[in-house]
Amino acid sequence: MRAFLSASGRLVLRVLRGVGAYALLAGRLLIATPRMDGREWLRTVSIAGVDALPLCLVTAALTGALVVIQTGFYVESYGVTSLVGWGAGYALFHEFAPLIASLALSGRVGAGQASDIAGLRAGEQLPALEALGVDIDRALLAPRFWAIAASVVVLAVIADVVALSASLLVAVGLLGVPPGAFLASVHASLRVADAVPGIVKAAAFGLALGACSLRAGLAAPAEARGVGAAARRSLVATLTAILALDMALTGLL
Amino acid sequence: MATTLLELAGVWAARGRTVALRDVSLSVPRGARLGVFGPGGSGKTTLLKLLAGLYHPSRGELRWSPPPPPGGLGMVFQRDALLDSLSALENVALPLAGRPRAEIVAREALARVGLGEDAGAKRPIELSGGMRKRTGLARVLAANPPVKLFDEPTAGLDPATEREILDVLDRAHDASGLTVTASANPEPFFPRCDLALVLSAGEPIAFGEAAEVARRGDVRRLFGAE
Amino acid sequence: MTRALDLPDAAPRPRALALAAAAAGALLAGRVDRAELVTQVRELCLRTIPVVLLALAFIGVVFEEHAAHEARRALVSLDQAGPMFFELSVREIAPAIAGIVLAARVGSGIAAEVGWMAQSEQVDALRLFGRDLAAELYAPRIAAGMLASMLAAPLGIAAVGLAGGFWAQAFSGGHLAAFVSLRLVTAHDWALLVAKSAASGFAVPVAALHCGLALGGTPDGVARSTAAGVVRGTLWVLAADVAIGATLWWIP
C-alpha cells in the first residue's frame, strides 16, 4: 500500500513537473516571439522544411497508395467504384495526410532539433552564448519553434496534393478505376473547405512537435549520451501529443 | 637488421570527405617499438586501425610477414572502447573468451595497472576517465598478444599515473612482435621507441630512428618545442 | 592533388542487406547471445508496447468519431460500421500505426545505442576481438524487435476496438460489441496482419542497426544515426505495408 502510494505520488510529481516545464517553455517562447531572430527562423525553415520535403513526399505517396488499397477492398466487396475518389480524398484530407506527415516529421525534424539542442548543451555552446549575453530564447528557441510549426503546415498541404495524386495513380493502376470517374468523385464530394480541418490539425501538430522537441533537447543530460536520449524522448512525447491532439480535434472539427 | 615484420607501400586512406593518410611507405622489423606522432587529426588513429585490420587501405598495400594469428593483435583505443553493458573485469576478460583461468588472468592484468577488485566490479560509466584508460590497457595486457597498438595510452592521465603507465607499457613489449604507440605529445615516448613516424595532416614528414627524428628541426617546430 | 572522393573509404561500409542476411542466418541457426536478448527484450518490448497501446487507443477514438460523423450524415446506424471498422483495424490501422510507433521507439533506441557504440569505438573492439557481431549485436535486437511487433499487433487491435467501442457506446449511441465484432474479419485479414507485423518487426531494427553502424562514426554520429534510423524505419514500415497490401490484393 505504501509502495503504491509513493509510486503514484512520484507519478503525480512527474506529471506536474512536466506541465510546469511546458508552461515555462510556453511563457519563454511567448515573451521572446515579438523580437525573435528572423534569420534563424529562415535558416531553420530551410533546414527543417526543405530537408524533410523528400521524406514528406515519399510518406505522402505511400499513404495515398495505402488508403486506396484499403478503400479498394471495400469497393471490390460492395461494387461502389464511384466512391473511391471520395473515400480516398476524405480519409487523406481529414486524417491521414496531417497525421502521417507529422508523425514522419517527428522523426526527421523533431528528433533532429532535440538532439541538436542537446548537442549544443553537451558541447557547452549554449551556456557559452548565455554567458556572452545572448538571449537564447530570442536567438534560438522562438525562431526554431515557429519555423517547425510553419514547416509542418506547409508540408501537410503539399502532402495533401501528393497523396491524392498517388491515390489516383494506384486507383487507376491497381483497381482499374477510370481516371475520369475518380476525379469526378473527388470533385463532386470534396470541397476546398474539406481541407481546412486537416490544415488546422497540421498546425496543432506542428506546435506540439516544436514544443516537445525543444523541451526534450533542453531537459536531456548535458553529455554526449544525452543527445540520443533527447531524440528518443522527443519522439515519444511528440507521438503521444500528436495522437492526443488528433483525438481532441477530431471531436471538435 | 632483423627481418621485416610489417611493410606499408604507398598507403592512402580516405575517411568520409577527407584524405586521412597520404602515401605512407615504411618497413618495420620484428621486435621494434614504433612511435606514430602528430597533432590531432593528422591520421594516427587511421593508421593504427589499418594495422589492426579494422580499416583497409584505399590505395597501396599493407603487408605483414607473417600476419599475426587470430587474437595475436591487441589495441588500446583512443575512446577506450569499453562495452557499456559489461563490468570492467568482464571487459578485460573479453578477448580471453575460451581461455582457461580467464577471470584470474583478467584480475591480474587489472592489478598491474593499479585497479583493484572494487574498480573491476564497476561498469565503465561509473569509472573516471583515467580508470577507463587503464581498464583498456589491462584488456591488452591480459591477452598479451605479440602485436600491441596503443592509441593515446596516456592522454588525460595525471603526471604520476602517466609515469607508472609508461613503465607498464615498456614491460609489456614483446621482442618477437611489435609495439606501436600513437600520441600527439611525443616527448615522453621518443626515448622509449626505436623508430618514429611523424604525420602532419595525413602526410608522413619524417620516418627513421626515433632519436634522430626527435632532433629534427621541423619535427620540433611541429610540436612547439622551438 | 588526390581528392577523398576519388578513393574508396578505408572504413568498411556496412550494407543493410548483408546485415539483414547475417542476422537472419544467426537467428535461424539459434546463434543468439542469451543475456543480450534478455536485456533487449526488456529494453525494447516493455517500453514499446504501452506506447503502442496508448497510440492505438487514441486512434480508435479518432476513427470512431469519423465513423459516427459519416453515419449521421448518411443516416445509417453506427453499429453497421462497427464490424467494418474492426476489420480495417486488423488489416491496416493496427499494423501501420504499431509499425510507426515501433520505428519511433525501437528504431530510435537501437540507432542511438549502436550509434554510440560505433562512436565510442566499442564496435571496433568487438570486431578486433573476433566477436560474432551477428549473434551478439544484430540478432538479439532484431529478435526483440520482432517480438515487440508480434505482441503489439494483437494487443493493439484490442486497444483500437475497445477504445472505439467504449467511445461509441458512451457518446455516439453505438454498441461496444459491434466494434469488437469478428464477423467481417477473414483469414485474409489475419494473414495481412501477421505479414505486416513480421515485416515491421524485422525491418525497423535492421534499418536502425544499419544507420547506427554507418553514421555512428561521424562527429555528431549519435544524433544523426538516431534521426536517420527513425526515418528509414518509418519508410520501410510504410513501403512494406503498401507492398504486402498490393501483393495480397491478387491472392483471393
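List of remarks:
- Among (1) touching a helix residue (DSSP H, G or I) at 6+ places or on another chain (Cβ under 9 Å); (2) surrounded by 15 or more Cβ atoms within 10 Å (Cβ to Cβ); (3) of a type in the set (Gly, Ala, Ser) - the single one B:Gly177 does not satisfy: (1)
- Selection from segment C:17-62 of residues that are in contact with a Ser or Thr (Cβ under 9 Å, 6 or more places away or on another chain), among the hydrophobic types (A, V, I, L, M, F, W, C) and open to solvent by 30 Å² or more (accessible area, probe 1.4 Å): C:Ala35, C:Leu54, C:Phe58
- Test: residue in segment A:143-151 that is among the basic types (Lys, Arg) and either outside any helix (DSSP H, G or I) or over 30 Å from C:Gly221 (Cα atoms) (or both): no
Matching residues to (1) free of Cβ contacts under 8 Å to residues at least 60 places away in the same chain; (2) more than 10 Å from chain A (Cβ to nearest Cβ); (3) within 17 Å of the chain's Cα centre (by Cα):
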| site | (1), (2), (3) |
| --- | --- |
| C:Leu215 | no, yes, no |
| C:Gly221 | no, no, no |
| C:Arg224 | no, no, no |
| C:Gly229 | no, no, yes |
| C:Thr234 | no, no, yes |
| C:Leu248 | no, no, no |
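- Only one of the numbered conditions (1) in contact (Cβ under 8 Å) with a residue 40 or more places away in the chain; (2) open to solvent by 60 Å² or more (accessible area, probe 1.4 Å) is not met by B:Ile104, and that is (1).
- Selection count, segment A:7-26, where residues are closer than 28 Å to A:Leu155 by Cβ and open to solvent by less than 50 Å² (accessible area, probe 1.4 Å): 4
- Every residue from segment B:181-198 that is in contact with a helix residue (DSSP H, G or I) (Cβ under 6 Å, 6 or more places away or on another chain) and open to solvent by less than 10 Å² (accessible area, probe 1.4 Å): B:Ala182, B:Ala196, B:Val198
- Selection from segment A:170-195 of residues that are without any contact (Cβ under 8 Å) to a residue 40 or more places away in the chain and of a type in the set (A, V, I, L, M): A:Val172, A:Val192, A:Ala193
- Here B:Thr46 does not qualify as hydroxyl-bearing (Ser, Thr, Tyr) and surrounded by fewer than 22 Cβ atoms within 10 Å (Cβ to Cβ).
- Helices (runs of 4 or more DSSP H) contained in segment B:119-226 and holding at least 1 residues in contact with a Lys or Arg (Cβ under 7 Å, 6 or more places away or on another chain): B:129-143, B:159-172
- Residues (in contact (Cβ under 8 Å) with a residue 60 or more places away in the chain and within 11 Å of chain C (Cβ to nearest Cβ)) located in segment B:52-67: B:Ala52
- The set of residues from segment A:104-119 being facing chain C (nearest Cβ under 9 Å) and open to solvent by 10 Å² or more (accessible area, probe 1.4 Å) comprises A:Arg108, A:Val109, A:Gly112, A:Asp116, A:Gly119.
- Only a single item in (1) over 12 Å from the mean Cα position of the chain (by Cα); (2) open to solvent by less than 30 Å² (accessible area, probe 1.4 Å) is not met by C:Val206, and it is number (1).
- Those residues of segment C:214-243 which are open to solvent by 30 Å² or more (accessible area, probe 1.4 Å) and in a helix (DSSP H, G or I), in sequence order: C:Ala214, C:Leu215, C:Arg224, C:Arg232, C:Leu235, C:Trp236, C:Ala239, C:Ala243
- Among the residues of segment C:62-71, some residue qualifies, meaning at least one is over 16 Å from the mean Cα position of the chain (by Cα), more than 12 Å from every other protein chain (Cβ to nearest Cβ) and in a helix (DSSP H, G or I).
- From the options B:Ala206, B:Ala211, B:Ala175, B:Ala182, residue that is under 18 Å from the mean Cα position of the chain (by Cα) and over 21 Å from B:Gln78 (Cα atoms): B:Ala175
- When residues of segment C:105-119 are limited to those that are open to solvent by 10 Å² or more (accessible area, probe 1.4 Å) and of a type in the set (Gly, Ala, Ser), the one nearest to the other protein chains (Cβ to nearest Cβ): C:Gly109
- Some residue of segment C:129-145 being open to solvent by 20 Å² or more (accessible area, probe 1.4 Å) and more than 30 Å from B:Leu73 (Cα to Cα): yes
- Of all residues in segment A:85-103 being of a type outside the set (A, V, I, L, M) and facing chain C (nearest Cβ under 9 Å), the one that is farthest from C:Gly229 (Cα to Cα): A:Tyr90
- Restricting the first member to segment B:84-96 and to residues that are part of a loop (DSSP other than H, G, I, E, B), and the second to residues that are polar (S, T, N, Q), the beta-carbon pairs closer than 9 Å and six or more apart or on different chains are B:Asp84/C:Ser120; B:Asp84/C:Gln122; B:Ser85/C:Thr39.
- Of the helices (runs of 4 or more DSSP H) entirely within segment A:1-96, those holding at least 2 residues that are under 19 Å from A:Ala149 (Cα atoms) occupy A:2-32, A:38-44, A:51-78.
- When each of C:His175, C:His188 is tested for being under 30 Å from C:Gly82 (Cβ atoms), surrounded by fewer than 22 Cβ atoms within 10 Å (Cβ to Cβ) and facing chain A (nearest Cβ under 10 Å), the lone residue that passes is C:His188.
- Residues that are touching a residue at least 24 places away in the same chain (Cβ under 8 Å) and within 18 Å of the chain's Cα centre (by Cα) were ranked within segment A:27-46; the one that is most open to solvent (accessible area, probe 1.4 Å) is A:Trp41.
- Among the residues making up segment A:221-235, those that are under 21 Å from the mean Cα position of the chain (by Cα) and either surrounded by fewer than 24 Cβ atoms within 10 Å (Cβ to Cβ) or more than 7 Å from chain C (Cβ to nearest Cβ) (or both) are A:Ala229, A:Ala230, A:Arg233, A:Ser234.
- Subset of segment A:236-253 that is at pLDDT 85 or above and of a type in the set (Ser, Thr, Tyr) - its residue that is surrounded by the most Cβ atoms within 10 Å (Cβ to Cβ): A:Thr238
The values are calculated or read from the model by the stated rules, or taken from the named source; none is laboratory data. As the structure is a prediction and not an experimental result, all values here were calculated from the model. A quick note on method: Cβ atoms are made from the backbone with ideal geometry, for glycine too, and the neighbour counts reach across all protein chains shown. Heavy atoms of the whole protein, side chains included, go into the accessibility calculation; ligands, DNA and RNA do not. Shrake-Rupley method; radii C 1.70, N 1.55, O 1.52, S 1.80 Å.
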